[in-house]
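What follows is a set of notes on a single structure, which appears directly below.
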Amino acid sequence: MTDISRLILNNTPSVYPVSKFNRISNDKKVYIETYGCQMNYSDTEIVLSVLSDFGYNETSDINDTDVILLNTCSIRENAENKVYKRLDDLKKYKKRNPNLILGILGCMAERLRNDLLEKRKVVDLIVGPDEYRKVPHLIDNLIETGEKGIAVKLSRVETYDDITPVRKKGVTAWISIMRGCDKFCTFCVVPFTRGRERSRNLDNIVNEAKRLQDEGVRDIWLLGQNVNSYRFENSDFADLLDKTAEAVPGVRLRYTTSHPYDLSVKLLEVMAKHSNICNYIHLPIQSGSDRILKEMNRLYTVSDYMKVMRLAREMMPGVGLSTDIISCFPSETEDEHKMTLDVIREVRYDGAYTFAYSPRENTKAYFLKDTADEETKKRRLDEIITLQRKISVEINQKLIGSTMPVLIESLSKKSDDFYMGRTDCNKSVIVSKTGPFVSGSGGLNQNRYLEIGDMVNIKINKVNSATLFGEPAESHETHF
Ligand code: 5AD
Ligand code: SF4
(Lines give C-alpha, C1' and ligand atoms only; values in the text may rest on other atoms or scores of the structure.)
(Ligands and ions follow the chains in the order given, each with its own letter.)
Protein backbone atom coordinates (compact mmCIF):
# COMPACT_ATOMS: atom_id res chain seq x y z
CA MET A 1 0.00 0.00 0.00
CA THR A 2 1.35 3.45 -0.84
CA ASP A 3 1.74 6.14 1.77
CA ILE A 4 -1.07 8.19 0.36
CA SER A 5 -3.59 5.35 0.09
CA ARG A 6 -2.77 4.45 3.65
CA LEU A 7 -3.53 7.95 4.80
CA ILE A 8 -6.80 8.05 2.89
CA LEU A 9 -7.94 4.63 4.14
CA ASN A 10 -7.27 5.83 7.58
CA ASN A 11 -9.74 8.55 7.13
CA THR A 12 -7.29 11.01 8.58
CA PRO A 13 -6.13 14.01 6.71
CA SER A 14 -6.95 13.04 3.12
CA VAL A 15 -6.84 16.79 2.51
CA TYR A 16 -3.07 16.69 2.68
CA PRO A 17 -1.42 17.67 -0.53
CA VAL A 18 1.15 15.27 -1.90
CA SER A 19 4.31 16.73 -0.54
CA LYS A 20 6.42 18.36 -3.25
CA PHE A 21 9.51 18.69 -1.18
CA ASN A 22 9.28 15.28 0.37
CA ARG A 23 8.74 13.47 -2.91
CA ILE A 24 11.91 14.94 -4.39
CA SER A 25 14.42 14.03 -1.78
CA ASN A 26 14.68 10.67 -0.09
CA ASP A 27 17.65 11.19 2.13
CA LYS A 28 16.51 13.66 4.72
CA LYS A 29 17.58 13.29 8.29
CA VAL A 30 15.66 13.66 11.51
CA TYR A 31 17.12 13.74 14.99
CA ILE A 32 14.70 13.03 17.88
CA GLU A 33 15.13 13.35 21.63
CA THR A 34 12.50 11.73 23.81
CA TYR A 35 11.59 12.81 27.34
CA GLY A 36 9.23 11.22 29.85
CA CYS A 37 7.38 7.91 29.99
CA GLN A 38 7.61 4.79 27.84
CA MET A 39 4.49 5.91 25.95
CA ASN A 40 6.55 8.81 24.64
CA TYR A 41 9.36 6.50 23.52
CA SER A 42 6.77 4.38 21.76
CA ASP A 43 5.27 7.51 20.15
CA THR A 44 8.71 8.51 18.89
CA GLU A 45 8.81 5.18 17.01
CA ILE A 46 5.44 6.08 15.45
CA VAL A 47 6.68 9.54 14.41
CA LEU A 48 9.78 7.96 12.85
CA SER A 49 7.53 5.59 10.91
CA VAL A 50 5.34 8.43 9.61
CA LEU A 51 8.44 10.39 8.60
CA SER A 52 10.18 7.40 7.01
CA ASP A 53 7.28 7.14 4.52
CA PHE A 54 8.35 10.58 3.35
CA GLY A 55 12.06 9.89 3.00
CA TYR A 56 13.34 10.75 6.46
CA ASN A 57 15.86 8.56 8.24
CA GLU A 58 16.74 8.88 11.89
CA THR A 59 20.19 10.20 12.70
CA SER A 60 21.97 10.28 16.01
CA ASP A 61 24.15 13.18 14.82
CA ILE A 62 22.58 16.45 15.90
CA ASN A 63 25.22 18.36 13.92
CA ASP A 64 24.12 16.83 10.63
CA THR A 65 20.35 16.80 10.47
CA ASP A 66 17.51 18.57 8.63
CA VAL A 67 15.05 18.37 11.51
CA ILE A 68 15.37 18.27 15.28
CA LEU A 69 12.33 17.06 17.23
CA LEU A 70 11.87 16.99 20.99
CA ASN A 71 9.14 14.61 22.14
CA THR A 72 8.20 16.14 25.46
CA CYS A 73 6.57 15.41 28.83
CA SER A 74 4.43 17.66 31.05
CA ILE A 75 3.80 15.42 34.03
CA ARG A 76 5.75 17.59 36.48
CA GLU A 77 7.21 21.07 36.27
CA ASN A 78 10.80 19.81 36.25
CA ALA A 79 10.09 17.69 33.14
CA GLU A 80 9.04 20.85 31.31
CA ASN A 81 11.95 22.88 32.65
CA LYS A 82 14.35 20.30 31.26
CA VAL A 83 12.94 20.82 27.76
CA TYR A 84 12.95 24.61 28.07
CA LYS A 85 16.60 24.43 29.04
CA ARG A 86 17.30 22.17 26.07
CA LEU A 87 15.57 24.63 23.75
CA ASP A 88 18.00 27.30 24.91
CA ASP A 89 20.91 24.95 24.08
CA LEU A 90 19.47 24.27 20.65
CA LYS A 91 19.48 27.93 19.60
CA LYS A 92 23.12 27.57 18.57
CA TYR A 93 22.28 24.85 16.04
CA LYS A 94 19.65 27.09 14.44
CA LYS A 95 22.13 29.96 14.32
CA ARG A 96 24.65 27.75 12.57
CA ASN A 97 22.07 26.42 10.14
CA PRO A 98 19.09 28.73 9.54
CA ASN A 99 17.36 26.00 7.45
CA LEU A 100 17.31 23.64 10.39
CA ILE A 101 13.75 22.84 11.52
CA LEU A 102 13.05 22.55 15.23
CA GLY A 103 9.85 20.93 16.45
CA ILE A 104 8.20 20.25 19.80
CA LEU A 105 6.05 17.11 19.97
CA GLY A 106 3.99 15.53 22.73
CA CYS A 107 2.46 16.77 25.95
CA MET A 108 4.23 20.17 26.10
CA ALA A 109 3.12 20.93 22.56
CA GLU A 110 -0.43 20.30 23.69
CA ARG A 111 -0.23 22.19 26.97
CA LEU A 112 2.11 25.07 26.18
CA ARG A 113 1.44 25.77 22.51
CA ASN A 114 0.90 29.52 23.01
CA ASP A 115 3.91 29.99 25.21
CA LEU A 116 6.08 28.02 22.77
CA LEU A 117 4.76 29.94 19.80
CA GLU A 118 5.00 33.40 21.29
CA LYS A 119 8.03 33.22 23.55
CA ARG A 120 10.24 30.54 21.98
CA LYS A 121 10.93 31.91 18.56
CA VAL A 122 13.31 29.05 17.72
CA VAL A 123 10.41 26.58 17.58
CA ASP A 124 9.04 25.94 14.06
CA LEU A 125 6.66 23.05 14.70
CA ILE A 126 4.29 22.27 17.55
CA VAL A 127 2.54 18.91 17.25
CA GLY A 128 0.39 17.24 19.91
CA PRO A 129 0.19 13.48 20.59
CA ASP A 130 -2.80 12.83 18.28
CA GLU A 131 -1.51 14.72 15.24
CA TYR A 132 1.70 12.90 14.36
CA ARG A 133 0.45 11.91 10.90
CA LYS A 134 0.69 15.59 9.97
CA VAL A 135 4.36 16.06 10.83
CA PRO A 136 5.77 15.59 7.26
CA HIS A 137 3.10 17.87 5.79
CA LEU A 138 3.73 20.57 8.35
CA ILE A 139 7.44 20.40 7.55
CA ASP A 140 6.67 20.75 3.84
CA ASN A 141 4.43 23.67 4.37
CA LEU A 142 7.03 25.35 6.53
CA ILE A 143 9.66 24.91 3.82
CA GLU A 144 7.36 26.12 1.08
CA THR A 145 5.63 29.03 2.82
CA GLY A 146 7.71 29.79 5.91
CA GLU A 147 4.61 29.29 8.08
CA LYS A 148 5.15 27.70 11.48
CA GLY A 149 3.33 24.36 11.80
CA ILE A 150 0.83 23.84 14.59
CA ALA A 151 -1.36 20.79 15.06
CA VAL A 152 -2.65 20.14 18.55
CA LYS A 153 -6.17 18.73 18.17
CA LEU A 154 -6.92 15.81 20.45
CA SER A 155 -8.75 12.91 18.85
CA ARG A 156 -11.33 10.45 20.17
CA VAL A 157 -10.31 7.78 17.65
CA GLU A 158 -6.62 8.09 16.73
CA THR A 159 -4.68 5.02 17.91
CA TYR A 160 -2.07 4.80 15.09
CA ASP A 161 -3.28 1.20 14.82
CA ASP A 162 -2.13 0.81 11.21
CA ILE A 163 1.33 2.28 11.70
CA THR A 164 4.28 -0.04 12.15
CA PRO A 165 6.64 1.72 14.55
CA VAL A 166 10.29 2.10 13.50
CA ARG A 167 11.89 0.17 16.37
CA LYS A 168 15.51 -0.02 17.36
CA LYS A 169 16.96 -3.51 16.87
CA GLY A 170 16.95 -5.34 20.17
CA VAL A 171 15.23 -7.96 22.27
CA THR A 172 12.79 -5.56 23.89
CA ALA A 173 9.86 -3.87 22.14
CA TRP A 174 6.92 -1.70 23.15
CA ILE A 175 3.39 -2.04 21.82
CA SER A 176 1.00 0.81 22.59
CA ILE A 177 -2.42 -0.78 23.16
CA MET A 178 -4.46 2.24 24.18
CA ARG A 179 -4.08 6.01 24.44
CA GLY A 180 -5.40 8.73 26.71
CA CYS A 181 -6.94 8.58 30.16
CA ASP A 182 -10.46 9.16 31.50
CA LYS A 183 -9.63 8.91 35.19
CA PHE A 184 -8.99 12.60 35.87
CA CYS A 185 -6.91 12.21 39.00
CA THR A 186 -7.01 15.75 40.35
CA PHE A 187 -3.21 16.21 40.21
CA CYS A 188 -2.66 14.88 36.71
CA VAL A 189 -2.27 16.70 33.43
CA VAL A 190 -2.45 13.58 31.23
CA PRO A 191 -6.21 13.69 30.46
CA PHE A 192 -5.65 17.25 29.19
CA THR A 193 -2.52 16.57 27.15
CA ARG A 194 -3.40 13.11 25.81
CA GLY A 195 -7.17 13.24 25.68
CA ARG A 196 -9.85 10.56 26.09
CA GLU A 197 -9.24 6.84 26.33
CA ARG A 198 -9.29 4.78 23.16
CA SER A 199 -8.06 1.27 22.49
CA ARG A 200 -6.54 -0.50 19.51
CA ASN A 201 -8.00 -3.49 17.69
CA LEU A 202 -7.20 -6.66 19.66
CA ASP A 203 -6.25 -8.84 16.68
CA ASN A 204 -3.90 -6.17 15.37
CA ILE A 205 -2.09 -6.06 18.71
CA VAL A 206 -1.78 -9.86 18.87
CA ASN A 207 -0.51 -9.96 15.28
CA GLU A 208 2.02 -7.23 16.02
CA ALA A 209 3.30 -9.28 18.95
CA LYS A 210 3.58 -12.37 16.73
CA ARG A 211 5.51 -10.42 14.11
CA LEU A 212 7.88 -9.16 16.78
CA GLN A 213 8.39 -12.70 18.07
CA ASP A 214 9.24 -13.81 14.51
CA GLU A 215 11.74 -10.96 14.27
CA GLY A 216 13.56 -12.18 17.38
CA VAL A 217 12.05 -9.93 20.06
CA ARG A 218 11.96 -11.73 23.42
CA ASP A 219 10.42 -9.12 25.70
CA ILE A 220 7.33 -7.02 24.98
CA TRP A 221 5.82 -4.23 27.07
CA LEU A 222 2.12 -3.55 26.49
CA LEU A 223 1.77 0.18 27.05
CA GLY A 224 -0.97 2.63 27.85
CA GLN A 225 -1.68 5.49 30.23
CA ASN A 226 -4.03 3.11 31.95
CA VAL A 227 -3.64 -0.30 30.28
CA ASN A 228 -6.21 -2.12 32.35
CA SER A 229 -9.04 0.06 31.14
CA TYR A 230 -8.30 -1.34 27.65
CA ARG A 231 -11.55 -2.28 25.93
CA PHE A 232 -12.10 -3.48 22.37
CA GLU A 233 -15.56 -4.79 21.45
CA ASN A 234 -16.28 -7.36 24.18
CA SER A 235 -12.69 -7.86 25.26
CA ASP A 236 -10.96 -6.27 28.23
CA PHE A 237 -7.26 -6.04 29.13
CA ALA A 238 -7.25 -9.50 30.76
CA ASP A 239 -8.58 -10.99 27.48
CA LEU A 240 -5.94 -9.14 25.48
CA LEU A 241 -3.13 -10.27 27.78
CA ASP A 242 -4.41 -13.86 27.75
CA LYS A 243 -4.56 -13.99 23.93
CA THR A 244 -1.20 -12.28 23.49
CA ALA A 245 0.55 -14.59 25.99
CA GLU A 246 -0.86 -17.60 24.16
CA ALA A 247 0.17 -16.26 20.75
CA VAL A 248 3.79 -15.50 21.69
CA PRO A 249 5.05 -18.28 23.99
CA GLY A 250 8.66 -17.32 23.25
CA VAL A 251 8.20 -13.76 24.49
CA ARG A 252 8.15 -12.40 28.02
CA LEU A 253 5.22 -9.99 28.44
CA ARG A 254 5.00 -7.02 30.77
CA TYR A 255 2.60 -4.08 30.96
CA THR A 256 2.41 -0.59 32.38
CA THR A 257 0.72 1.46 33.81
CA SER A 258 -2.27 0.16 35.66
CA HIS A 259 -4.80 1.80 37.97
CA PRO A 260 -5.92 -0.05 41.14
CA TYR A 261 -9.58 0.68 40.32
CA ASP A 262 -9.39 -1.40 37.12
CA LEU A 263 -7.18 -4.23 38.35
CA SER A 264 -9.51 -7.25 38.20
CA VAL A 265 -9.24 -10.73 39.70
CA LYS A 266 -9.60 -11.95 36.12
CA LEU A 267 -6.39 -10.10 35.23
CA LEU A 268 -4.53 -11.69 38.16
CA GLU A 269 -5.82 -15.11 37.03
CA VAL A 270 -4.48 -14.55 33.53
CA MET A 271 -1.12 -13.46 34.96
CA ALA A 272 -0.96 -16.53 37.20
CA LYS A 273 -1.90 -18.84 34.30
CA HIS A 274 0.85 -17.84 31.84
CA SER A 275 4.49 -18.44 32.65
CA ASN A 276 5.53 -15.93 29.97
CA ILE A 277 3.77 -13.02 31.69
CA CYS A 278 6.14 -11.32 34.11
CA ASN A 279 5.45 -12.01 37.76
CA TYR A 280 5.39 -8.28 38.38
CA ILE A 281 2.79 -5.60 39.02
CA HIS A 282 3.38 -1.86 39.08
CA LEU A 283 0.35 -0.45 40.89
CA PRO A 284 0.50 3.23 41.83
CA ILE A 285 -1.04 3.89 45.27
CA GLN A 286 -0.08 7.64 45.37
CA SER A 287 -0.97 8.07 49.09
CA GLY A 288 -1.65 5.98 52.21
CA SER A 289 -4.45 8.25 53.39
CA ASP A 290 -8.08 7.66 52.39
CA ARG A 291 -8.82 11.38 52.70
CA ILE A 292 -5.99 12.30 50.33
CA LEU A 293 -6.95 9.50 47.92
CA LYS A 294 -10.44 11.01 47.82
CA GLU A 295 -8.99 14.47 47.20
CA MET A 296 -6.95 12.93 44.41
CA ASN A 297 -10.09 11.28 42.91
CA ARG A 298 -8.30 7.93 42.92
CA LEU A 299 -11.55 5.91 43.28
CA TYR A 300 -10.22 3.37 45.84
CA THR A 301 -9.42 3.25 49.55
CA VAL A 302 -6.23 1.99 51.14
CA SER A 303 -8.12 -1.11 52.25
CA ASP A 304 -9.32 -1.82 48.66
CA TYR A 305 -5.73 -1.48 47.50
CA MET A 306 -4.39 -3.78 50.20
CA LYS A 307 -6.91 -6.46 49.22
CA VAL A 308 -5.56 -6.43 45.65
CA MET A 309 -1.96 -6.64 46.93
CA ARG A 310 -2.78 -9.59 49.20
CA LEU A 311 -4.64 -11.39 46.44
CA ALA A 312 -1.78 -10.81 44.00
CA ARG A 313 0.67 -12.33 46.48
CA GLU A 314 -1.62 -15.30 47.13
CA MET A 315 -2.19 -16.01 43.45
CA MET A 316 1.40 -15.28 42.32
CA PRO A 317 3.86 -16.20 45.04
CA GLY A 318 7.01 -14.10 44.83
CA VAL A 319 5.32 -11.45 42.66
CA GLY A 320 7.40 -8.27 42.27
CA LEU A 321 5.50 -5.18 43.39
CA SER A 322 6.23 -1.53 42.76
CA THR A 323 4.27 1.69 43.08
CA ASP A 324 4.14 5.45 42.52
CA ILE A 325 3.83 7.83 45.46
CA ILE A 326 3.18 11.56 45.48
CA SER A 327 4.39 13.29 48.60
CA CYS A 328 2.86 16.53 49.95
CA PHE A 329 -0.33 16.64 47.92
CA PRO A 330 -2.06 19.91 48.99
CA SER A 331 -3.37 19.75 52.57
CA GLU A 332 -1.52 16.48 53.41
CA THR A 333 -0.96 16.44 57.21
CA GLU A 334 1.93 14.89 59.10
CA ASP A 335 -0.35 12.01 60.14
CA GLU A 336 -1.40 11.41 56.55
CA HIS A 337 2.25 11.38 55.51
CA LYS A 338 2.87 8.75 58.21
CA MET A 339 -0.01 6.68 56.78
CA THR A 340 1.91 6.55 53.49
CA LEU A 341 5.00 5.33 55.35
CA ASP A 342 2.80 2.68 57.04
CA VAL A 343 1.57 1.40 53.67
CA ILE A 344 5.16 1.14 52.43
CA ARG A 345 6.06 -0.86 55.57
CA GLU A 346 3.04 -3.11 55.20
CA VAL A 347 3.31 -3.88 51.49
CA ARG A 348 7.11 -4.02 51.44
CA TYR A 349 7.39 -3.00 47.80
CA ASP A 350 10.37 -4.11 45.75
CA GLY A 351 10.62 -0.52 44.52
CA ALA A 352 8.78 2.78 44.32
CA TYR A 353 8.82 5.85 42.08
CA THR A 354 8.43 8.77 44.46
CA PHE A 355 7.57 12.33 43.51
CA ALA A 356 7.10 15.66 45.19
CA TYR A 357 3.69 17.01 44.25
CA SER A 358 3.95 19.43 41.33
CA PRO A 359 1.00 21.76 40.70
CA ARG A 360 -0.24 21.53 37.11
CA GLU A 361 -2.36 24.23 35.55
CA ASN A 362 -5.92 23.20 34.56
CA THR A 363 -6.01 20.29 36.98
CA LYS A 364 -8.45 20.40 39.91
CA ALA A 365 -5.69 20.19 42.49
CA TYR A 366 -4.07 23.30 41.02
CA PHE A 367 -6.70 25.37 42.83
CA LEU A 368 -6.09 23.72 46.23
CA LYS A 369 -3.96 25.51 48.74
CA ASP A 370 -0.40 24.16 48.86
CA THR A 371 0.10 23.79 52.62
CA ALA A 372 3.57 22.34 53.16
CA ASP A 373 6.66 24.56 53.27
CA GLU A 374 9.76 23.65 51.26
CA GLU A 375 11.53 22.11 54.24
CA THR A 376 8.57 19.84 55.06
CA LYS A 377 8.28 18.85 51.40
CA LYS A 378 11.92 17.84 51.27
CA ARG A 379 11.82 15.99 54.61
CA ARG A 380 8.67 13.99 53.80
CA LEU A 381 9.97 12.93 50.40
CA ASP A 382 13.33 11.99 51.93
CA GLU A 383 11.59 9.87 54.58
CA ILE A 384 9.65 7.99 51.92
CA ILE A 385 12.74 7.42 49.78
CA THR A 386 14.90 6.34 52.73
CA LEU A 387 12.30 3.86 54.03
CA GLN A 388 11.69 2.36 50.59
CA ARG A 389 15.44 2.04 49.93
CA LYS A 390 15.92 0.21 53.22
CA ILE A 391 13.11 -2.23 52.38
CA SER A 392 14.39 -2.77 48.82
CA VAL A 393 17.88 -3.58 50.13
CA GLU A 394 16.47 -6.01 52.73
CA ILE A 395 14.39 -7.80 50.07
CA ASN A 396 17.30 -7.94 47.63
CA GLN A 397 19.80 -9.13 50.25
CA LYS A 398 17.68 -12.23 50.76
CA LEU A 399 18.31 -13.08 47.10
CA ILE A 400 22.09 -13.34 47.51
CA GLY A 401 23.15 -16.93 46.77
CA SER A 402 19.94 -17.77 44.90
CA THR A 403 19.74 -18.54 41.20
CA MET A 404 17.12 -17.02 38.95
CA PRO A 405 16.28 -16.89 35.23
CA VAL A 406 17.40 -13.63 33.68
CA LEU A 407 16.71 -12.35 30.19
CA ILE A 408 19.80 -10.48 28.95
CA GLU A 409 18.40 -7.28 27.44
CA SER A 410 21.21 -4.85 26.65
CA LEU A 411 24.64 -3.56 27.52
CA SER A 412 24.80 -2.08 31.01
CA LYS A 413 24.35 1.72 30.95
CA LYS A 414 27.45 2.19 33.08
CA SER A 415 29.93 -0.09 31.33
CA ASP A 416 30.24 -1.95 28.04
CA ASP A 417 31.92 -4.81 29.93
CA PHE A 418 28.59 -5.75 31.51
CA TYR A 419 25.12 -6.72 30.39
CA MET A 420 21.83 -5.67 31.93
CA GLY A 421 19.09 -8.26 32.21
CA ARG A 422 15.85 -8.66 34.11
CA THR A 423 14.34 -11.33 36.32
CA ASP A 424 10.78 -12.55 36.02
CA CYS A 425 9.75 -10.03 38.72
CA ASN A 426 11.38 -7.16 36.84
CA LYS A 427 14.53 -6.72 38.92
CA SER A 428 17.50 -5.55 36.92
CA VAL A 429 20.58 -7.71 37.08
CA ILE A 430 24.11 -6.76 36.01
CA VAL A 431 26.15 -9.63 34.60
CA SER A 432 29.76 -9.61 33.43
CA LYS A 433 30.02 -9.96 29.64
CA THR A 434 33.14 -12.04 29.87
CA GLY A 435 32.16 -14.06 32.92
CA PRO A 436 32.15 -17.87 32.82
CA PHE A 437 31.26 -19.41 29.46
CA VAL A 438 27.65 -20.33 28.83
CA SER A 439 28.41 -24.01 28.17
CA GLY A 440 26.61 -26.72 26.24
CA SER A 441 25.62 -28.46 29.43
CA GLY A 442 22.79 -26.03 30.05
CA GLY A 443 21.20 -26.73 26.69
CA LEU A 444 22.92 -24.11 24.56
CA ASN A 445 24.61 -25.82 21.66
CA GLN A 446 27.98 -24.16 21.79
CA ASN A 447 30.55 -22.94 24.27
CA ARG A 448 30.33 -19.18 24.20
CA TYR A 449 29.99 -16.04 26.28
CA LEU A 450 26.60 -14.59 27.07
CA GLU A 451 24.76 -12.70 24.35
CA ILE A 452 21.90 -10.24 24.34
CA GLY A 453 18.66 -12.23 24.08
CA ASP A 454 19.92 -15.19 26.16
CA MET A 455 17.64 -16.39 28.92
CA VAL A 456 20.06 -17.77 31.50
CA ASN A 457 20.13 -18.82 35.12
CA ILE A 458 22.13 -16.24 37.06
CA LYS A 459 23.49 -16.75 40.54
CA ILE A 460 23.14 -13.52 42.55
CA ASN A 461 26.27 -12.55 44.49
CA LYS A 462 25.81 -8.84 45.30
CA VAL A 463 22.90 -6.38 45.58
CA ASN A 464 21.93 -2.79 46.25
CA SER A 465 18.48 -1.24 46.56
CA ALA A 466 17.87 -1.05 42.81
CA THR A 467 20.09 -3.70 41.23
CA LEU A 468 21.26 -7.30 41.58
CA PHE A 469 24.69 -8.46 40.40
CA GLY A 470 25.49 -12.04 39.41
CA GLU A 471 27.12 -14.63 37.17
CA PRO A 472 25.84 -17.48 35.01
CA ALA A 473 25.07 -20.53 37.18
CA GLU A 474 26.02 -24.18 36.51
CA SER A 475 23.05 -25.13 34.36
CA HIS A 476 22.76 -22.03 32.32
CA GLU A 477 20.04 -21.93 29.75
CA THR A 478 16.50 -21.73 30.91
CA HIS A 479 13.07 -20.69 29.66
CA PHE A 480 9.91 -19.11 30.97
N1 5AD B 1 2.97 15.89 40.69
C2 5AD B 1 3.76 14.87 41.10
N3 5AD B 1 3.68 13.63 40.59
C4 5AD B 1 2.76 13.39 39.63
N5 5AD B 1 2.43 12.28 38.95
C6 5AD B 1 1.45 12.58 38.08
N7 5AD B 1 1.12 13.88 38.19
C8 5AD B 1 1.91 14.41 39.15
C9 5AD B 1 2.03 15.70 39.73
N10 5AD B 1 1.26 16.71 39.36
C11 5AD B 1 3.06 10.99 39.21
C12 5AD B 1 2.02 9.96 39.69
C13 5AD B 1 1.85 9.07 38.49
C14 5AD B 1 3.24 9.14 37.86
C15 5AD B 1 3.29 8.73 36.44
O16 5AD B 1 3.59 10.50 37.99
O17 5AD B 1 2.58 9.25 40.77
O18 5AD B 1 1.49 7.74 38.84
FE1 SF4 C 1 -2.94 10.60 35.30
FE2 SF4 C 1 -4.58 9.32 36.97
FE3 SF4 C 1 -4.80 8.93 34.32
FE4 SF4 C 1 -2.67 7.94 35.66
S5 SF4 C 1 -4.83 7.35 35.96
S6 SF4 C 1 -2.65 9.07 33.68
S7 SF4 C 1 -2.32 9.50 37.19
S8 SF4 C 1 -5.19 10.84 35.41
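The values are calculated or read from the model by the stated rules, or taken from the named source; none is laboratory data. Values in this document were obtained by computation on a predicted structure and should not be read as measured data. Counting neighbours? That spans all protein chains shown, and the Cβs are built from the backbone with ideal geometry, glycine included. SASA here: full protein model, heavy atoms, side chains in, ligands and nucleic acids out. Shrake-Rupley method; radii C 1.70, N 1.55, O 1.52, S 1.80 Å.
Tabulated results
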item	result
Portion, in percent, of the accessible area of the chain that falls on carbon or sulfur, probe 1.4 Å	50
The range 136-174: GluC sites (Glu not before Pro) in DSSP coil with no more than 13 other Cβ atoms inside 10 Å	GLU147
Accessible-area value, HIS282, 1.4 Å probe, nucleic acids and ligands omitted, Å²	10
Length-normalised contact order for the range 26-151 - Cα pairs under 8 Å, 6+ apart - percent	23
Accessible area expressed per residue, the chain, with surrounding protein chains retained (probe 1.4 Å, Å²)	46
For ASP219, residues with placed amide H under 5 Å, excluding near neighbours	ALA173, ARG252
Fraction of alpha-carbon pairs over 15 Å apart in the range 142-183 - percent	66
Inter-label distance for GLU144 and SER410, nm, one decimal - labels placed 7 Å from Cα along Cα-to-Cβ	3.9
The chain - charge dipole about Cα centre, Lys and Arg +1 at Cβ, Asp and Glu -1, debye rounded to 20	640
Area accessible to solvent at VAL302, 1.4 Å probe radius, in Å²	20
Antiparallel DSSP beta bridges within the chain, percent to nearest 5	35
Candidate residues TYR305, TYR261: accessible-area rank, largest first, probe 1.4 Å	TYR261, TYR305
Separation of the ASN234 and LYS378 label points, Cα + 7 Å toward Cβ, nm	5.9
Mean projected area (nm²) of the alpha-carbon convex hull when the chain is viewed from all directions	23.6
Average Cα contact separation per residue, the chain, under 8 Å, 6 or more apart, as relative contact order %	9
Pair-distance profile P(r), taking every C-alpha pair of the range 26-151, with 10 angstrom steps and integer %	13, 51, 34, 3
Linear extension gain, LEU299 paired with GLU394, 0.36 nm per residue minus alpha-carbon span	31.0 nm
Qualifying trypsin sites (Lys or Arg not before Pro) in the range 269-374, DSSP loop, other Cβ atoms within 10 Å at most 15	ARG348, LYS369
GLU77-GLU471 pseudo-label distance in nm [points 7 Å out on the Cα-to-Cβ vector]	5.0
Solvent exposure, largest accessible area first (probe 1.4 Å, DNA, RNA and ligands not counted), of THR333, THR467, THR423	THR333, THR467, THR423
